[in-house]
Amino acid sequence: MTNRLNKKLEYWQNQVRESSLTVLFLGQMVLLFVVSPLSSIKVLTYSIVNGLQILLLIVASFALPARSKARGLILLCLMPMVWVFYVGSNLYIGLLLRMVGTLSITVAVGQAVFRAQQVSRHQLLGAIVIYLNLALLFMGAFIVLNMAFPDAFTTLTKAPLRPGELLYFSLTTLTSTGYGDIVPVHPLARSLANLEAVVGQLFLAILLARLVSLNSAETRP
């Protein structure tokens, strides 16, 4: 009876695994480009940001193979995140849990994308999720650096940087856009920004381009 239930569960997970990558992509786009900017200007509360991040973490667990060990890491993050976001108020623990949660999603999607036997549009969207998660991980590092060294970054307005502005800086650095309105001045900030720019270009040039070429080869008649 137990083996039959496990087989049914594994079959169901295999059916929803690829679709969950697309759901993750859509959720990540909403989080980065709609919810986060609106929360920065206080149109939305941060509880919505927290809730969406927890939801994405749950969706990421469905993208994993049935016996993946990374699912344990995701489940380990869920309860502390819910507690800190909605009951506690420790800024540093909350930031740490966000980064661990983002890293868990990255690991989950990475396993689903790079271990797939065939590359479909779901895997391509999953690779974009990993790319966007890199911006979130570097944003967390920039926030820690900015808290440790308040003058690590300079802006045109000279105002203190908020998390949403550091997310914007992380995305422009990852894509090598570099508008110049936020400038790293501390040596560690410059080194971290350079590392992010290199990682962003290598990801696009090697990993994502490779997946696109494999997808084209498999769909070619």
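Rule-based calculations on the coordinates, nothing more; no lab input. The structure displayed is predicted, hence computed values, not measured ones. Every residue, glycine as well, gets a Cβ built from its backbone with ideal geometry; the counts of neighbours run over all protein chains shown.
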Seminar exercise, completed: Computed for the range 31-179: size of charge dipole around the Cα centre, +1 on C-beta of each Lys and Arg, -1 on C-beta of each Asp and Glu, debye to nearest 20, value 360 debye
For this session: Largest first and in whole Å, give the semi-axes of the range 110-175's equivalent ellipsoid, each being the square root of 5 times a Cα gyration tensor eigenvalue.
Result: 33, 11, 7
Seminar exercise, completed: Packing-ranked peptide list from 198-210, 135-147, highest mean Cβ count within 10 angstrom first, is 135-147, 198-210
